[in-house]
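Chemist: My structure is below; once you've seen it, I'll send some questions.
The values are calculated or read from the model by the stated rules, or taken from the named source; none is laboratory data. These figures come from a predicted structure and were not determined experimentally. A quick note on method: Cβ atoms are made from the backbone with ideal geometry, for glycine too, and the neighbour counts reach across all protein chains shown. For the accessible areas, the whole protein counts, side chains as well, though only heavy atoms, and no ligand, DNA or RNA atoms are used. Shrake-Rupley method; radii C 1.70, N 1.55, O 1.52, S 1.80 Å.
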Amino acid sequence: FTGAQVGTATISAQLDGVTSNATEIRVVDQPTIVALQIFPLTALPRPGPLPPVDHSDAAIPCYDCGYTVTILAGDQLPFQAVAAYDTGEWENVTERVTWSSSNGSSAPITDEGVLTGSAAGETAVSASLGESTSNSVTVRVVESATLLGLSIYQEGLDRVVQK
């Protein structure tokens, strides 16, 4: 299929009297952003390329949404922004978005997407690009680290030692 002009086409195939289901294809001049995702560049797992965009009314999956990142006052935390388009393509738009921090006195964020923990508190970081607004990531800034858990592990596979 080659999109010759803007519009919608319905495509199906036929073989030996059997016809496939029809699928509709939309041809556009410019791709449209359908999802804008942000995430902190931490040791936490990050998404790779976004999956192809489902053009149905189903919700776009949100990567790394709904968690809280904790940093120490004085630390910096870079963010990245990724746009998913209706054509199924995705793009790193970190340098094109407008970054926002809901509590700039506790954790301001630069135009480049680098958040600095200035004082204890909590903020919600988000970004916008044109009419699109990203998910929100909550960042807690603390004055000192708090031990939340302790784990032990051993090197190697043997769990037996000689007396």
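Chemist: With θ set to phi - 60°, apply the Karplus curve 6.51 cos²θ - 1.76 cosθ + 1.60 along region 153-163 and write out the HN-Hα couplings as whole Hz, x wherever there is a Gly or Pro.
Modeler: Karplus-based 3J(HN,Hα) across region 153-163 equals 8, 10, 7, x, 9, 6, 10, 10, 10, 8, 5 Hz.
Chemist: Within 15 Å, Cβ to Cβ, of THR110, how many net charges do the neighbouring residues add up to if Lys/Arg are +1 and Asp/Glu are -1?
Modeler: Value of the local net charge: -3.
Chemist: Got a sec? What order do ARG140, ARG159 fall in by accessible area at 1.4 Å, biggest, i.e. largest, first?
Modeler: Putting ARG140, ARG159 in descending order of accessible area: ARG159, ARG140.
Chemist: Which order do you get for TRP99, TRP90 if you rank them by accessible area with a 1.4 Å probe, largest at the top?
Modeler: Most to least solvent-accessible, the answer reads TRP90, TRP99.
Chemist: Which residue, chosen from ASN135, THR146, GLY117, occupies the Cα position most advanced towards the positive end of the dipole of region 110-163, where the dipole is computed from +1 (Lys, Arg) and -1 (Asp, Glu) charges on Cβ about the Cα centre?
Modeler: The Cα lying farthest towards the positive end belongs to THR146.
Chemist: Within the set of other residues whose C-beta is less than 15 Å from the C-beta of ALA4, count the net charge using Lys and Arg as +1 and Asp and Glu as -1.
Modeler: My count for the surroundings of ALA4 gives 0.
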